[in-house]
Protein chains: 2
Amino acid sequence: MRIIVLGSAAGGGYPQWNCNSEYCRLARNDSTRAFPRTQSSLAVTADGSRYLLLNCSPDLRQQLNQTEPLHPREGLRSSPVKAVVLTNGDVDHIAGLLTMRESEPFSIYASARVHRILTTNSIFNVLNPEYVRRHTIALSAPFRPEDAHGRPLGLEVEAFAVPGKVALFLEDASRGGDFGTEEGDTVGLHVRSPESGASFHYIPGCAGLTDSLRQRLDGSGLLFFDGTLFRDDEMITMGVGKKTGRRMGHISMNGEDGSLAAFRDLCIDRKIFIHINNTNPVLVENSPERKIVEQAGWTVSRDGQVIDL
Amino acid sequence: MRIIVLGSAAGGGYPQWNCNSEYCRLARNDSTRAFPRTQSSLAVTADGSRYLLLNCSPDLRQQLNQTEPLHPREGLRSSPVKAVVLTNGDVDHIAGLLTMRESEPFSIYASARVHRILTTNSIFNVLNPEYVRRHTIALSAPFRPEDAHGRPLGLEVEAFAVPGKVALFLEDASRGGDFGTEEGDTVGLHVRSPESGASFHYIPGCAGLTDSLRQRLDGSGLLFFDGTLFRDDEMITMGVGKKTGRRMGHISMNGEDGSLAAFRDLCIDRKIFIHINNTNPVLVENSPERKIVEQAGWTVSRDGQVIDL
């Protein structure tokens, strides 16, 4: 199984279009100190030729252009991308579907809640049902993703609920502190090669670690995990926003309630932060915060990173 | 007045994600013979610091990253982009609005028909009305675009109806050969600097030249015009699609009904094709078709091109 990190940043990417912070200026002006990053997505293949996307970012066209194994190779129109799994309905995870128009057969796997976003937004009708098959996935029920013609890609995926929040544009303040969030709004994925037995977990958005989630992840060989913020209030203290990480549905790295502490006693071979917000100091090479996460046994993902399992 | 071509390709861009044609392979492998192009959009400024976007393509984040004058410069969060005018509701002209989330004040100008697409697709609710002002424009009624705080950008814009087609994802086959197209679905723009008197026309989508459109454009100093296809049936003969240009709402360059013939007797100082589809042979430098359009007095736009008027 091969994993390609197509994008490692959170919504807005790094740099973000309207952000003039020190970190974003660094990404524009000195990419040796801070690598620019597109929005969060992985490509996975079991056979080296047919790929499954985990999330579909607004930067997808750029990501595909930059990733030679994902260029079309067969006939006049084709793509190595055969299927997509969505972990939630946020813009940074679904807008890339608009790039995947142009009558190309592929399959979309998502929860009923996320599919509802696609069906109630007519703009996604550019995905012609003659070509694009939409599959509803159930939580905690492993499935084998297929291309649009029903051919399995040689991977098994299990989606499981994680603490999270409904997509920003669907928040309903009248429904209390969780803004109308329901099960299936945010999922994590366990991706496995039934042939080799290799597997990994992908959780780009997660509001906190429950006991059942800890049990599920303990013993994992590889984990990509929500690295949105370093400090829960960093957007507020930097003066770029009004929301805490908690309000946005993301656990932060630092602090007693943070992910570094939460994972300390779990046995996971390789822990990689992904979905990193442009305010997170771990984006800066050799920053004190980068050193803290590395000393805690984590690495910070980069666009174009390739991992073979 | 300064114009920056942010993107010069039609929907899908060049190369298109799933296109393995000779032309798209050329754009991937030999950019000296065929420059890659992102999807159609212009940035215009009267004062050199505040910009108006004409359309907002899915490639907007990449376009802004590549265009230094559009990087934020003031405070922690800001953008030189102060307003957007939309000429229709196609994905290649509106999806970039999803990049312009993140609580940045700006104004959107569009016809009532195009605004309806934004309001009926909840994903565009990421554009918080606290920051983003939506103005409905009337046809043939010049207006002066303002930033979100009501400060005029020093430009005057007139939108006028051109023959076209409703957005693909809203086509209604039950409503006959025009698929439910109504006035305001596709407009052209006349952009003028009231201070200098300089002006140009921008018509990235147009199904044909009516007499009134010919009269309007005769005498123009600069025209950006729909260069989607060279031949009306080129997508069919290349084997990459089932539709003619006419069916998609685009006049082609070639032939008796084509734009080269239609503009032959009009007096226009500078004629530039934009919104060029990846099947159009004029994308290839020195192709016979490129020579034909150049001999007819046209040029083919490129991303990053700057024109001062």
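The values are calculated or read from the model by the stated rules, or taken from the named source; none is laboratory data. Everything numeric here is computed off the predicted structure, so don't read it as measured data. Glycine gets a Cβ as well: all are built from the backbone with ideal geometry, and neighbour counts include every protein chain shown.
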Hey, residue B:52 at the interface with chain A (Cβ under 9 Å from one of its Cβ atoms) and touching a strand residue (DSSP E or B) at 6+ places or on another chain (Cβ under 9 Å) or not: no
So, of the residues in segment A:137-180 that are at pLDDT 95 or above and of a type in the set (Lys, Arg), which turns out to be farthest from residue A:203 (Cα to Cα)? A:151
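Just the residues that are hydrophobic (A, V, I, L, M, F, W, C) and either touching a residue at least 40 places away in the same chain (Cβ under 8 Å) or buried (at least 24 other Cβ atoms within 10 Å of the Cβ) (or both), please, taken from segment B:108-118.
As a first pass, look at segment B:108-118 and keep what is hydrophobic (A, V, I, L, M, F, W, C): B:108, B:110, B:112, B:114, B:117-118.
Result: B:108, B:110, B:112, B:114, B:117.
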All positions within segment B:55-102 that are facing another protein chain (nearest Cβ under 7 Å), of a type in the set (Gly, Ala, Ser) and assigned to a loop (DSSP other than H, G, I, E, B): B:75, B:78, B:79
Is it the case that some residue within segment A:259-267 is in a loop (DSSP other than H, G, I, E, B), polar (S, T, N, Q) and touching a residue at least 12 places away in the same chain (Cβ under 8 Å)? no
Filter pass, residue A:182 being more than 21 Å from residue A:92 (Cβ to Cβ), among the charged types (D, E, K, R) and surrounded by fewer than 20 Cβ atoms within 10 Å (Cβ to Cβ): no
Of a type outside the set (Phe, Trp, Tyr), part of a loop (DSSP other than H, G, I, E, B) and surrounded by fewer than 17 Cβ atoms within 10 Å (Cβ to Cβ): which single residue out of B:242, B:291 fits that description? B:242
Checked segment B:276-288 for anything closer than 30 Å to residue B:51 by Cβ, part of a loop (DSSP other than H, G, I, E, B) and in contact with a Leu (Cβ under 7 Å, 6 or more places away or on another chain); matches are B:277, B:280
Residues in segment A:186-238 that are under 21 Å from residue A:137 (Cα atoms) and charged (D, E, K, R) total 2
Out of the residues in segment B:103-117 that are in a strand (DSSP E or B) and within 25 Å of residue B:12 (Cβ to Cβ), state the one that is farthest from the chain's Cα centre (by Cα). B:108
I'd like the full set of residues that are in a strand (DSSP E or B) and surrounded by 15 or more Cβ atoms within 10 Å (Cβ to Cβ), limited to segment A:300-309. A:300, A:307
Within segment B:119-152, restricting to residues that are aromatic (Phe, Trp, Tyr) and not in a loop (DSSP other than H, G, I, E, B), the one that is surrounded by the most Cβ atoms within 10 Å (Cβ to Cβ) is B:124
Just to be sure before I move on: is residue A:240 in contact with a strand residue (DSSP E or B) (Cβ under 6 Å, 6 or more places away or on another chain), under 23 Å from residue B:126 (Cβ atoms) and within 14 Å of chain B (Cβ to nearest Cβ) in the structure I sent? yes
Considering only segment B:1-16, how many residues are at the interface with another protein chain (Cβ under 8 Å from one of its Cβ atoms) and either more than 24 Å from residue B:54 (Cα to Cα) or out of contact with any helix residue (DSSP H, G or I) (no Cβ under 8 Å at 6 or more places or on another chain) (or both)? 0
If the requirement is being over 30 Å from residue B:239 (Cα atoms) and either crowded, with 24+ Cβ neighbours inside 10 Å or of a type in the set (Val, Ile, Thr) (or both), which of these qualifies: A:33, A:28, A:37? A:37
List, please: which pairs have Cβ atoms under 6 Å, are six or more places apart or on different chains, and start with a residue in segment B:21-37 that is aliphatic (A, V, I, L, M) and end with one that is assigned to a helix (DSSP H, G or I)? B:34/B:26; B:34/B:27; B:34/B:283
Restricting to segment A:62-107, what's the tally of residues that are closer than 17 Å to residue A:119 by Cβ, crowded, with 24+ Cβ neighbours inside 10 Å and among the polar types (S, T, N, Q)? 1
Counting only residues that are basic (Lys, Arg) and within 14 Å of chain A (Cβ to nearest Cβ), how many does segment B:127-164 have? 0
Residue, nearest to the other protein chains (Cβ to nearest Cβ), within segment A:103-117, restricted to residues that are out of contact with any strand residue (DSSP E or B) (no Cβ under 7 Å at 6 or more places or on another chain) and of a type in the set (Val, Ile, Thr): A:117
Can you name the condition, by its number, that residue A:272 falls short on among (1) at pLDDT below 95; (2) within 16 Å of residue A:300 (Cβ to Cβ)? (1)
Select, from B:236, B:251, the only residue that is in contact with a helix residue (DSSP H, G or I) (Cβ under 8 Å, 6 or more places away or on another chain) and among the aliphatic types (A, V, I, L, M). B:251
One residue is enough: does segment A:2-20 have a residue meeting the conditions of a type outside the set (Asp, Glu), touching a strand residue (DSSP E or B) at 6+ places or on another chain (Cβ under 7 Å) and over 24 Å from residue B:98 (Cβ atoms)? yes
